[in-house]
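The structure appears below as structure tokens.
Please treat every number below as a calculation from the coordinates, not as lab data. For clarity, every value in this text was computed on a predicted model and none was experimentally measured. Note that we place each Cβ from the backbone using ideal geometry, even for glycine, and neighbour counts take in every protein chain shown.
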Protein chains: 2
Amino acid sequence: MTDVAHTGSESVRPVRIVVDAMGGDFAPGNEVQGVIQALDRSSLIELILVGREPELVAALGSNAAHPRVSIVHADDVIAMGDEPSSIVKQRKTSSLYMGLDLVRQGKADAFVSAGNTGGVMATSTMLCGRIPGVSRPTIGTFLPTKTGRPTLLLDVGANVDSKPKFLSDYAVMGSVYTQLMNGVTSPTVGLLNVGEEPGKGTEVAQQSYELLRTNGVNFAGNVEGRDILAGTVDVVVCDGFEGNIVLKFAESILSFLKERFRAYANRGILQKLAMAAFTPVLRKALSGMDYQEYGGVPLLGVNGVTIIGHGSSSPKALANMILRAEEVVRKDVNGTIERALAHAATAAKEQI
Amino acid sequence: MTDVAHTGSESVRPVRIVVDAMGGDFAPGNEVQGVIQALDRSSLIELILVGREPELVAALGSNAAHPRVSIVHADDVIAMGDEPSSIVKQRKTSSLYMGLDLVRQGKADAFVSAGNTGGVMATSTMLCGRIPGVSRPTIGTFLPTKTGRPTLLLDVGANVDSKPKFLSDYAVMGSVYTQLMNGVTSPTVGLLNVGEEPGKGTEVAQQSYELLRTNGVNFAGNVEGRDILAGTVDVVVCDGFEGNIVLKFAESILSFLKERFRAYANRGILQKLAMAAFTPVLRKALSGMDYQEYGGVPLLGVNGVTIIGHGSSSPKALANMILRAEEVVRKDVNGTIERALAHAATAAKEQI
């Protein structure tokens, strides 16, 4: 999220990032404002806005002439409800397709979008392919914890009915991401389950447990629902079915509490004052349980860098997504994932 | 939870309830106190305490001579960590086994325990069998919602890898329970999923969706994680894997928020006062997300009434469990479930 230091042996070539300028609910306004903020915060990025050129030129104003901004015109705009699988075949003039195609062609290093999540995932995977060794790309999200150190929960909705090998790969990818992006040395990984003992849970969970013991991650065993917010481990792996349910449940807590507190505030002026003082504290404590506040989540496992944000992402959230994309490229998250998976495969063979 | 009105055509015979007096973490003290409270609150129950007679006599004091209390001696005590499946074969002198055996023999109408949850479930099912038509007994729990009307989430851990027919039966049992116990007319049922549209989710979820459309419940379609606290529907059905994860996640919110608020309180005296004023409000808003505060959850589908409580259940929680058991018996929840499932089977056949 902060400006990356470019010192010593680190590469200093600019990172070229495509912004799907038509993706979000407030496009292209928020996208353009996010681009301008990001350019101020990092001097080593070049941004390519893909979308309807006249609209983008108007929104950019004087920044249209910025030396590190370019525009690629795309006529078509993918809506939030559009069928993800149809984009690659039928929507080749959309900003989503054309933007990702620039990454596929090697003309850009990363892609950022606040658009149709399923569409971005499907099109990224189909155009760019998977990192060698990855069974399924995955989406993770960080949740705040009691310890203050966030926990990466993944998968949160990219795949349902995950096979044990998928979960094993999520663990490797999540470990690499947490280590490189958050600086956690040897992050601990927990398998989301209904009890701590080995042998608990579904058949898939039981088989995943065995794979996680030997795939090279720092496996801490099963964890339960309560361990996510407790921060028991750095990475929690699960199928996208329960991951998505838990994430959406978490996102709904603030709104639930505010509603429950309303009755309390109506009791009198003191209660109303206490509520007014307390609501921001509550919002802060629960921040990070909402995509929007966080500023994008990585799509891990695709052979290309894609950062996906909430449809209603603010300009600041979009700027954060752009800077995160830069960091993912610079730290070679994808190359590291490829090497870690190759290592895991070797370790698994030796186990046999 | 309140005293049942016994008027008009309702039966007024006493309900005989077995209390596993050795089950909980604070047994037999809390159990005995709960019994005494329950006797005060309902005049139409007879309570049978099963456990070590000398300890129970001592704890009961003058109440040992209460005309509606009896004691059945049981030598053995099941610990929280004991293997559930071994109880029926090897622990026949335990309070858990002997208590449930009284229900099986028809010498009691219901069984209440704050003991080993898995043990109570397994032993109830093995001794009493299932209600005709039930594929799997299930445990549900009520969660508070924005609307103020609680949502019944089930299954929360009795079964993992549930088949679609199991989920269909949870829906029928949950509807009957919500209607009879909470007075909700035609309760709405949602299928916990990762999106609202039909066709979303795992294979099991997709097949369950089809069954729920025709099994006689008031099916409102798929619901997402956020819909639980929003109170979108009265009953949310899911496999015990995700249900247990969501429940334990929910139970951990209060502890998480308290920890996050500690830093705020340390900022100064005003912040500390605001926190002190606010923590009880927060606890109240989140009450019901914890087994203990709620006072037991029903094991639905067993041919006998069993109410299971948290190990650390307070005397008040135990009294609530006892009164709930009385209500489940009086309202003939089990007979109603049997008729509803027979009706669902007929409806499904007509559909074909």
How long is the gain from A:Phe26 to A:Ser86 if the chain were fully straight, where each residue apart is worth 0.36 nm and the alpha carbon distance is subtracted? 19.3 nm
Dipole of the protein assembly as shown, Cα-centred, from +1 at each Lys and Arg C-beta and -1 at each Asp and Glu C-beta, to the nearest 20 debye? 1080
Which of A:Arg339, A:Arg136, A:Arg330 fluctuates most in a GNM of chain A (C-alpha springs under 10 Å)? That residue is A:Arg339
For region A:22-35, just list the computed ³J(HN,Hα) in residue order, Karplus coefficients 6.51, -1.76 and 1.60, θ = phi - 60°, integers in Hz, with x standing in for Gly and Pro. 10, x, x, 5, 10, 7, x, x, 5, 4, 5, 4, x, 4
222 nm [θ] for the protein assembly as shown, helices only, -39500 (n - 2.57) per DSSP H run of 4+, per residue, to 500? -14500 deg cm²/dmol
Which ³J(HN,Hα) values in Hz, rounded to whole numbers, follow from the phi angles of region B:130-140 under the Karplus curve 6.51 cos²θ - 1.76 cosθ + 1.60, where θ = phi - 60° and Gly and Pro get x? 9, 4, x, x, 7, 6, 8, x, 9, 10, x
For the pair A:Thr279 and A:Ser43, what calculated FRET efficiency results from E = 1/(1 + (r/R0)^6), where r is the Cβ-Cβ distance and R0 = 45 Å, to the nearest 0.05? 0.75
If the chain between B:Asp332 and B:Arg262 were fully extended at 0.36 nm per residue, the gain over the current Cα-Cα distance would be 20.4 nm
Given the convex hull over the Cα atoms of the protein assembly as shown, what projected area results after averaging over all orientations, in nm²? 36.0
Which FRET efficiency, nearest 0.05, do A:Asn182 and A:Ser312 yield, Cβ-Cβ r, R0 30 Å? 0.75
Two-site label geometry, A:Ser255 and A:His343: point separation in nm, points 7 Å out along Cα→Cβ: 4.2
Which FRET efficiency, nearest 0.05, do B:Gln207 and A:Lys163 yield, Cβ-Cβ r, R0 22 Å? 0.70
Evaluate chain B: find the radius of gyration of its Cα atoms, find its Kirkwood radius, and give the ratio Rg to Rh. 0.99
Rounded, prolate or oblate (a/c below 1.5 giving rounded, otherwise prolate when a/b exceeds b/c) for region B:86-179 by Cα gyration tensor: prolate
Can you work out the Karplus-derived ³J(HN,Hα) for every residue in region A:85-101? Use 6.51 cos²θ - 1.76 cosθ + 1.60 with θ = phi - 60°, whole Hz, and x for glycine or proline. 6, 7, 5, 4, 7, 10, 10, 6, 9, 7, 4, 5, 5, 5, x, 5, 5
Given the options B:Met98, B:Met321, B:Met181, state which has the largest fluctuation in a GNM of chain B using a 10 Å cut-off (strictly under) for Cα springs. B:Met181
What does the copy distance list look like for B:Arg339, label position 7 Å along Cα→Cβ, in nm and ordered from shortest? 7.0
Over the Cα atoms of region A:200-266, how large are the radius of gyration and the largest Cα-Cα distance (Dmax), in Å? 16.5, 56
Neighbouring Cβ atoms within 10 Å as the yardstick, rank A:Met80, B:Met126 fewest first. A:Met80, B:Met126
So what does log10 I(q)/I(0) come out to for region A:136-292 at q = 0.16, 0.20 Å⁻¹, using the Debye formula with one equal point on every Cα and no solvent? -0.83, -1.17
Just round it to a whole percent: the fraction of Cα-Cα distances in region B:225-352 exceeding 24 Å. 51
Anyone know which of B:Gly106, B:Gly157, B:Gly190 comes out most mobile in the 10 Å Cα GNM of chain B? B:Gly106
Amide H neighbours of B:Thr151 at under 5 Å, excluding residues fewer than 5 places away on the same chain, with H built from the backbone geometry, are B:Leu143, B:Thr145
Shortest first and in nm to one decimal, what separations exist between B:Ala79 and its copies in the other chains, measuring from label points 7 Å along the Cα-to-beta-carbon line? 6.3
Set Lys and Arg Cβ to +1 and Asp and Glu Cβ to -1, take the dipole of the protein assembly as shown about its Cα centre, and tell me which of A:Leu282, A:Val88, A:Gly190 lies farthest positive. A:Leu282
So, in Å, what gap is there between the alpha-carbon centers of region A:235-269 and region B:88-114? 39
For B:Asp161, inter-copy label distances in nm, listed shortest first [label point 7 Å out on the Cα-Cβ vector]: 1.6
Compute and list, largest first, the equivalent-ellipsoid semi-axes of region A:195-234 from the alpha carbon gyration tensor, each √(5λ) rounded to a whole angstrom. 17, 14, 7
Any chance you could get the radius of gyration and Dmax over the Cα atoms of region B:1-131, in Å? 14.7, 46
